[in-house]
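Heads up, the thing below is written out as structure tokens.
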Amino acid sequence: MKNHSNLLTSKLDSRVCIIGNNAKSVAAAMALTHFGFSVTLYAFSRTAEKHLEKYQFDKPLCDQWEQSLTDGSLDYQLYTEEGIQQSEHSLYWAFLDQLDSSLLTELVASLSKKEGDICFSGVVPIGMIDRLASQFVSSNVFYIPFVFLNEASVFVATIAPKLFLVGEKVPGSALKNPMIEAFVDKSGDYYIHNLKTVEFARSSMMNLMAIKLSLLNEMAQLADECSVDMLEVEKILKLDKRLGHGGLQAGWGYGGSTLPKENAILKSHLSDLKISTNIIDAVEQINNNQKEVIFQKLWRHFNSNISNKVIVIWGAGYKSGTGRTKGSAIHTLLPLLWAYDITTFIFDPLAESEMDRLYDGDERLHFISNPYEKLDVADGLIVINWSEQSRPDVTIINQQLTPVFDARNLFKKSEILALKGYYTGIGRGVR
């Protein structure tokens, strides 16, 4: 039973040092300033303004950042080894993702001598945190895996996690830490165990998510052949509490950095032990293949005559509401389309800056500010994601009879039936 006791008043005087260079480290820093802590964030951008540029798509995160700078609860610092060594904080929270081996070794050496509490986060091999903890003077070493990021805004997900997991070096130490107490108080549920068990649980949870997603996508291909709508099937599956809700949605596959990294880590562990990796191999293959499915549908619809066509693409982010595109189907799709000299127009205001940077201003990369802007000249509309609050306007699409290739399964059955032109989704055998 979760204890919703009053937070320790000492947290208001606690100064937390966060070290990291990804969205999770920024979200953690902002969650703590939101809770009333003072935070020093050591990252790798020259200035706070430069660092925030990467997260402009997450308005709640940016708003909290600006407020924290204004009220002085956030102190942004460029990471240096000397800076960490000379700093004095009650808690150091290091995010290990995006740290190379030399930087990690340097950081561990600096933190190992600290007497304050130490916390780690990141997708790392099972047992790594447990091994690191043995090197520290401090007996208060914790591990917080970010398994609760189920909202479009990483900040919103972090300040009110549905499930908060904590690994602890010494039994009973976690709830004595004011920061952990704050997160526990705001969480829907929490669980505390030893470091290695929580590491193992994180890997199990994420890989089960990947397996469920991949199985749903396999079933979706069968649904197309059986004239069954996967969205209706998903509604039924979600009624079975044994299955949960997470991962019960067919589409173009999964992206981001977490699930692919978890797959690779588990596969490495199994291979080292000479244990079969058949399930993980299949999951990776299904996910990679799934990102080409919508292109294959486009190819078949036009009987392979796709050269020099014009395609509008809705969405580039790897999930709804984000401007991050790592692992997104957009990166599989664009080279396939461009190989046939297809002109592509992308609508995704959140991901536009990242896409422009990743493709270094490639002249084949065209952005539009309105989702319907180029439908009058388009030969097809591909949906990878949809971050708008409103539903797609079928009336506008019908004006041009634009064929719709829905990799996101965005369109409801009623909207599909209202379309006058061609429609195909992922397992949407409804017409």
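The accessible area of Trp299, taken with all protein chains in place and a 1.4 Å probe, comes to roughly 90 Å². Inter-part distance, region 331-357 to region 212-271, computed on C-alpha centroids, equals 25 Å.
Protection proxy ranking for 130-140, 16-26, using the average of other Cβ atoms within 10 Å per residue and placing the highest first: 16-26, 130-140. Annotation: the antiparallel percentage among DSSP beta bridges lying fully within the chain is about 5.
If you take the square roots of the eigenvalues of the alpha-carbon gyration tensor of region 265-367 and sort them as a ≥ b ≥ c, do you get rounded (a/c under 1.5), prolate (a/b over b/c) or oblate?
Oblate is the answer for region 265-367, as a/c is 1.5 or above yet b/c matches or exceeds a/b.
Shown are Thr47, Thr344, whose ranking by accessible area with a 1.4 Å probe and every protein chain present, most to least, is Thr47, Thr344. A 1.4 Å probe run over the protein chains yields, for region 1-131, 45 Å² of accessible area per residue, whole-number rounding.
Our helix-only sum for the chain, with -39,500 (n - 2.57) per DSSP H run of n ≥ 4 divided by its residues, gives a mean residue ellipticity at 222 nm of -12000 deg cm²/dmol. Within the accessible area of region 232-296, the carbon and sulfur atoms contribute 57%, probe 1.4 Å, all protein chains present.
A 1.4 Å probe run over region 201-301, with the rest of the protein chains in place, finds 54 Å² accessible per residue.
Structural descriptor for region 180-268: relative contact order 36 percent, calculated from alpha carbon pairs under 8 angstrom and at least 6 residues apart.
Note on Glu373: accessible area approximately 80 square angstrom, rounded to 10, probe 1.4 Å, nucleic acids and ligands left out.
Treating the beta-carbon of each Lys and Arg as +1 and of each Asp and Glu as -1, no other charges, what is the dipole magnitude of the chain about its Cα centre, to the nearest 20 debye?
Roughly 1120 debye, rounded to the nearest 20.
Of the solvent-accessible surface of region 326-431, computed with a 1.4 Å probe over protein heavy atoms with every protein chain present, carbon and sulfur atoms account for 46 percent.
Which one of Tyr422, Ser307, Gly36 has its Cα pushed farthest toward the positive end of the charge dipole of the chain, where Lys and Arg give +1 and Asp and Glu give -1 at the Cβ? It is Tyr422, whose Cα lies furthest towards the positive end. Structure note, pairs Lys59/Lys186; Lys374/Lys413; Lys241/Lys291; Lys50/Lys238: Cα-Cα distances above 31 angstrom occur for Lys50/Lys238.
In plain terms, the bigger the Kirkwood radius, the slower the diffusion; for the chain, with that radius from Cα pairs, at 4 °C and 1.567 mPa s, Stokes-Einstein puts D at 55 µm²/s. With the cut-off at under 17 Å, measuring from each backbone N in region 385-424 to a point 7 Å along the Cα-to-Cβ line of Ile236 picks out 413.
The values are calculated or read from the model by the stated rules, or taken from the named source; none is laboratory data. Keep in mind that what you see is a predicted model, and the values were worked out from it rather than measured. Don't worry about glycine lacking a Cβ; one is built from the backbone with ideal geometry, like all the others, and counts go over all protein chains shown. Calculation scope for accessible area: heavy atoms of the full protein, side chains included, ligands and nucleic acids excluded. Shrake-Rupley method; radii C 1.70, N 1.55, O 1.52, S 1.80 Å.
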